[in-house]
1. If you average the sequence gap of Cα pairs under 8 Å that are 6 or more apart and divide by the length of the stretch 66-135, what percent do you get for the contact order?
2. Using a 10 Å cut-off on Cβ atoms, rank the peptides 80-91, 30-41 from the highest mean neighbour count down.
3. Work out Dmax and Rg for the chain from the C-alpha atoms and quote the Rg first, both in angstrom.
4. Quick one: net charge around T65, please, counting Lys, Arg +1 and Asp, Glu -1 for every other residue with C-beta under 12 Å from its C-beta.
5. Grab the other residues whose beta carbon is less than 15 angstrom from that of R30, score K and R as +1, D and E as -1, and report the net.
6. What are the ³J(HN,Hα) values, in whole Hz, obtained from phi via the Karplus relation 6.51 cos²θ - 1.76 cosθ + 1.60 with θ = phi - 60°, for each residue of the stretch 128-135 in sequence order, with x given for Gly and Pro?
7. Over what distance in Å are the Cα centres of the stretch 60-114 and the stretch 1-52 separated?
8. Got the relative contact order for the chain handy, in percent, Cα pairs under 8 Å and 6 or more residues apart?
Amino acid sequence: MAPGGFCYWARLRSTSGTLDAIITNDTVSRGRAFLLVARSDRAVESDGCGVWVPASAKSSNPTPTRMVDGEYRVNIDVWEGTYRAPGGSGCYWTRRSSWDVSNIIANHFGPGQQIVTIARSDVGFVTSGCGSWTKIR
């Protein structure tokens, strides 16, 4: 990701440049990002994301009971359970059932301490501006 910037990506059904060409898209302001490309996608576009590399089946998170800004694969990069973070004025988190931004199970944006329970069935967890998450249960 570009320093101080953000990453934008879009999966496309065509390269027409029209809004209806977008299957799904997302932005990531901090940390790493995951993008699941389907065989049916015609193209992918991204800006500010750097070079995309295939995700390893192995975790790159050295401590799966702690998280900072970024995207995490549940049961690979982070374990299921209940986590707490100090929060912040721009704290945002989301639990996802897939990497498609439209498949949000639960999310929150706002200040204050945060507590979230990540389920074994969740696919991903995304966090930005919340501080360090620590597993409490």
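1. 50
2. With the highest mean Cβ count within 10 Å placed first, the list reads 80-91, 30-41.
3. 15.2, 48
4. Local net charge: +2.
5. Residues close to R30 contribute a combined charge of -2.
6. Per residue, the Karplus-derived 3J(HN,Hα) values read 8, x, 9, x, 7, 8, 10, 5 Hz.
7. Cα centroid of the stretch 60-114 versus Cα centroid of the stretch 1-52: 20 Å apart.
8. About 25 percent, as a whole number.
Throughout, read-outs are computed from the coordinates displayed, never taken from laboratory work. Here the structure is a predicted model, which means the values were calculated and not measured. Reconstructed Cβ throughout: ideal geometry from the backbone, glycine too, with neighbour counts over all protein chains shown.
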